[in-house]
1. Enumerate the pairs (first residue in the stretch 42-64 and exposed (fewer than 10 other Cβ atoms within 10 Å of the Cβ); second residue anywhere and modelled with pLDDT of 95 or more and not small (Gly, Ala, Ser)) with beta-carbon separation below 8 Å, excluding pairs fewer than 6 apart on the same chain, so at least 6 apart or on different chains.
2. For the stretch 70-84, how many residues are among the acidic types (Asp, Glu) and either in contact with a Gly (Cβ under 6 Å, 6 or more places away or on another chain) or open to solvent by 100 Å² or more (accessible area, probe 1.4 Å) (or both)?
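The values are calculated or read from the model by the stated rules, or taken from the named source; none is laboratory data. Quick caveat: nothing in here was measured; it's all calculated off a predicted structure. Positions of Cβ are backbone-derived with ideal geometry, glycine not excepted, and every protein chain shown enters the neighbour counts. Ligands, DNA and RNA are excluded from the accessible area calculation, which covers all protein heavy atoms including side chains. Shrake-Rupley method; radii C 1.70, N 1.55, O 1.52, S 1.80 Å.
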Amino acid sequence: MTIAKKLMAACAAGLMLVALAGCQKKDELSGAGPAEQAGRKVDQVTEKTGRELTQAAEKANQDILKAADDAKAKINQVTEDASAEASKAVERAGAKVSQAGEKMQDSARKARPADEPAK
């Protein structure tokens, strides 16, 4: 091999080393300027705030669902109570109607002459 070829091979190897060194991952803040550092911090704060907002929204959703379930249970209870009261009122009204019918029959019996047969 001639000196020129050896020199060219050494230069090619050097270029490859430089290229590989450029591909290495840099540390998070090493070599970053103030604007880039501020931008990264803004990104971190934004991500954290986003996570917190998502958690707050999920909790609020759970609270709303629980309140809806509680309201549903209360409405069902009130409906059952109202139904029971309505049934009692219907029974009382039926008893009053029955009593009124009996009074009407008694009045009719009393008004009828004794010699007329009952129908």
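1. Pairs that qualify, where the first residue is exposed (fewer than 10 other Cβ atoms within 10 Å of the Cβ) and the partner is modelled with pLDDT of 95 or more and not small (Gly, Ala, Ser): there are none.
2. Going through the stretch 70-84, the residues among the acidic types (Asp, Glu) turn out to be 70, 80-81.
Next, from what is left, pick out any that are either in contact with a Gly (Cβ under 6 Å, 6 or more places away or on another chain) or open to solvent by 100 Å² or more (accessible area, probe 1.4 Å) (or both): 80.
Here the count works out to 1.
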